Amino acid sequence: MNILVLGGGGREHAIVTSLAASPDAGSIYVAPGNGGSAPGTVTVTLDNLDAAAVVSFAQKHDVGLVVIGPEAPLVAGVADAVRAAGIAAFGPGAAGAQLEGSKRFSKEFMERHALPTAAFGSFTNAAETLAYLERVGAPIVVKADGLAAGKGVTVAATLDEARAAIAECFDGRFGAAGATVVIEEFLTGPECSLLVFTDGTTTLPMAPAQDHKRAFEGDTGPNTGGMGVYSPVPIVTNEELADMQALMEKTVAALTSEHIDYRGVLYGGFMLTPAGPRLLEFNARFGDPETQVILPRLKTDLLEVMLAVANGSLADVQLEWDDAWAVSVVLASAGYPGDYAKGLPITGIDAAEALPGVTVYHAGTKRFDDGTLVTAGGRVLNVTALGSSFQEARALAYQATELIDFEGKQYRRDIGKRALGGRSAWER
Ligand code: AMP
Ligand code: GLY
């Protein structure tokens, strides 16, 4: 079967790597893809937000499954258009993608269905927002309602910081995404992501993962798309895991009760508070870089799983996982998440991948016809290692990381370090 994958990050490189291992995979088209490849993959140019263009490409190339990686095409309804054309789509339609596309929708949904989350208010003008802020005080979290590429959330320690963040939203920094603002109670604890596959009826959880959102060591600096990740998460208790799984099942049942046909990955972002797991957010897709530590551990054929999700037959599937631990370190361009240079030659990937258990997923890379590989984005590579213990996977990921080079290479040396200290490492 020919497959079309939309997206061009490390997440999509991990997805096509797993799909390419399926005996049933034919040509795998990736739009736009990156410098990474897998057997049978072809990168193509396509406007991922143009549903009609996606459908017509799929029809012309006899594509049997369209996999939608990033949030923007999901929110734009590309999955609806693909399904309406009679082609299987992995990813929710616009109605389900609202869980990620609008924080207000998502919080009101959680409230309607008694899903535990931070207390909140949502507003469409500065005066009401500021009045609410004065009532609740700081620390507090200010969020732009719509998609803002991970930049729309401010954890404000003081009222002044919160006021500045509110002003930014209503002054148009995030465009229409900031026209509604959500103000949230500040929660504390370790964060943990739990992703599930669902066809709207059956829910199959993946292993939990923990991302590192801040740019610099010690969880300092600006928020990024994610600087490193590991899975499973050693500090999560069995009770917390069971709670998170139950909440994800409850969410899927709640979607069905609202007649929302959700087929894809539902990503729950949790805070493990002293009172139990609380939902911070939903994403309507695979996480990036979470996918780069989850899929290498999946032993079940990913194509079979994705088709079952798309066709509503997930009840027939059982997921099998490798026992290994996975750690992934993000190599970023100097200056990321701010401005950075592009076009710098990358060396050492072959040597890194020669280490047993190491896979290097490409994110912001570009390969020229002569084979030269250069940097082309903020997050450049995801160096993933599998090991028989958390410590072993972590040591291997760093050993591999040091073999790769490009000018200005920047990475956090403390991915997973806090987890080594156990749960008390989160108590400040
Ligand atoms: P979100 O995109 O909503 O997950 O927010 C991005 C990041 O902001 C999260 O991963 C948390 O680190 C932080 N954050 C979001 N909401 C809260 C909250 N209510 N309390 C504390 N931190 C939060
Ligand atoms: N790594 C966080 C996300 O994918 O949203």
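The values are calculated or read from the model by the stated rules, or taken from the named source; none is laboratory data. Here the structure is a predicted model, which is why all the values come from computation and not from measurement. For neighbour counting, all protein chains shown are included, and Cβ atoms are generated from backbone atoms with ideal geometry for every residue, glycine included.
Within the range 409-427, residues that are under 18 Å from N382 (Cβ atoms) and among the polar types (S, T, N, Q) have Cβ atoms under 6 Å from residues that are modelled with pLDDT of 95 or more and surrounded by 13 or more Cβ atoms within 10 Å (Cβ to Cβ) in these pairs: Q410/A332; Q410/A334, counting only partners at least 6 apart in sequence or on another chain.
Out of (1) at pLDDT 95 or above; (2) crowded, with 18+ Cβ neighbours inside 10 Å; (3) out of contact with any Leu (no Cβ under 6 Å at 6 or more places or on another chain); (4) of a type in the set (F, W, Y), the odd one out for F197 is which? Looking at each condition in turn, F197 falls short on (3).
Of all residues in the range 193-243, those being in contact with a Pro (Cβ under 6 Å, 6 or more places away or on another chain), within 14 Å of ligand 1 (Cβ to nearest atom) and closer than 21 Å to E392 by Cα number 1. Just to be sure before I move on: is G189 out of contact with any Asp or Glu (no Cβ under 7 Å at 6 or more places or on another chain) and free of Cβ contacts under 8 Å to residues at least 60 places away in the same chain in the structure I sent? Answer is no for this residue. Taking the criterion of being within 11 Å of ligand 2 (Cβ to nearest atom), of a type in the set (S, T, N, Q) and either out of contact with any Gly (no Cβ under 6 Å at 6 or more places or on another chain) or part of a loop (DSSP other than H, G, I, E, B) (or both), the residues of the range 255-298 that qualify are N283, T291. For the residues I166, I260, the requirement of being farther than 30 Å from V66 by Cβ, more than 19 Å from the chain's Cα centre (by Cα) and touching a residue at least 12 places away in the same chain (Cβ under 8 Å) singles out I166. So which residues in the range 100-158 are of a type in the set (S, T, Y) and over 21 Å from the mean Cα position of the chain (by Cα), if there are any at all? The answer is S122, T124, T129, Y132, T158. When the range 131-177 is filtered for residues that are in a loop (DSSP other than H, G, I, E, B), away from ligand 2 (no atom under 16 Å from the Cβ) and at positive phi, the ones remaining, listed by number, are G137, G172. Scanning the range 198-226 for residues being within 16 Å of ligand 2 (Cβ to nearest atom) and not small (G, A, S) gives a total of 11.
Yes/no per residue for (1) among the polar types (S, T, N, Q); (2) touching a helix residue (DSSP H, G or I) at 6+ places or on another chain (Cβ under 8 Å):
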| residue | (1), (2) |
| --- | --- |
| E249 | no, no |
| H259 | no, no |
| G269 | no, no |
| P277 | no, yes |
| L280 | no, no |
| R285 | no, yes |
| T300 | yes, no |
| A308 | no, yes |
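All but one of (1) buried (at least 21 other Cβ atoms within 10 Å of the Cβ); (2) more than 16 Å from ligand 1 (Cβ to nearest atom) hold for N125; which doesn't? Exception for N125: condition (1).
The residues in the range 178-194 that are surrounded by fewer than 20 Cβ atoms within 10 Å (Cβ to Cβ), within 16 Å of ligand 2 (Cβ to nearest atom) and either over 25 Å from L295 (Cβ atoms) or not charged (D, E, K, R) (or both) can be counted, and the count is 1.
Each row is one residue, and each column tells you yes or no for (1) closer than 20 Å to A284 by Cα; (2) aliphatic (A, V, I, L, M); (3) not in a strand (DSSP E or B).
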site	(1), (2), (3)
L195	yes, yes, no
T201	yes, no, yes
P222	no, no, no
V229	yes, yes, no
P234	no, no, yes
E239	no, no, yes
A242	no, yes, yes
A246	yes, yes, yes
A253	yes, yes, yes
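Evaluation of G348 against the conditions (1) at pLDDT 95 or above; (2) more than 16 Å from ligand 1 (Cβ to nearest atom); (3) at negative phi shows that the sole unmet condition is (3).
Determine whether I349 is surrounded by 20 or more Cβ atoms within 10 Å (Cβ to Cβ), within 23 Å of V16 (Cα to Cα), of a type in the set (V, I, T) and touching a helix residue (DSSP H, G or I) at 6+ places or on another chain (Cβ under 8 Å). Against the criterion (surrounded by 20 or more Cβ atoms within 10 Å (Cβ to Cβ), within 23 Å of V16 (Cα to Cα), of a type in the set (V, I, T) and touching a helix residue (DSSP H, G or I) at 6+ places or on another chain (Cβ under 8 Å)), I349 does not qualify.
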